[in-house]
């Protein structure tokens, strides 16, 4: 089974977990960078979906911490704004998806990353 770690601070994560679970993915939720790093050090994960950027969660800083810990798990970013595509630090992620209530684009990005 494919394992996805979803890192998000918002409550909408439960819905995302349910939706991805329906597609056959095993989803682990983390609500902080520290929690996510702890999970990654102990459990194999096929993909990290960072689906929120807020004052509590800086996705670019999180990607830097992954690199410092030599964790090579592919990352997908989901944000409410497309402007992050302009930031070269985001380019190290495998995909960037603008969040919406329609999860189709997010699901397609996940399938594309996992098929590579």
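Those residues that are at pLDDT 85 or above and under 18 Å from residue 77 (Cβ atoms), I need them from the range 25-34; list them, please.
25, 27, 28, 29, 30
Where residues in the range 88-116 are exposed (fewer than 11 other Cβ atoms within 10 Å of the Cβ) and not in a helix (DSSP H, G or I), which of them is modelled with the highest pLDDT?
Per the criteria, the residue is 116.
In the list 17, 22, which residue meets the criterion of being surrounded by 12 or more Cβ atoms within 10 Å (Cβ to Cβ), modelled with pLDDT of 85 or more and within 18 Å of residue 109 (Cβ to Cβ)? First the steps, then the outcome.
On the way: 22 fails: surrounded by 12 or more Cβ atoms within 10 Å (Cβ to Cβ).
Testing whether each residue is surrounded by 12 or more Cβ atoms within 10 Å (Cβ to Cβ), modelled with pLDDT of 85 or more and within 18 Å of residue 109 (Cβ to Cβ) leaves just 17.
In the set 20, 15, 29, 5, which member is in a helix (DSSP H, G or I) and touching a helix residue (DSSP H, G or I) at 6+ places or on another chain (Cβ under 9 Å)?
20
The values are calculated or read from the model by the stated rules, or taken from the named source; none is laboratory data. The structure displayed is predicted, hence computed values, not measured ones. Note: ideal-geometry Cβ built from the backbone for every residue, glycine included; neighbour counts use all protein chains shown.
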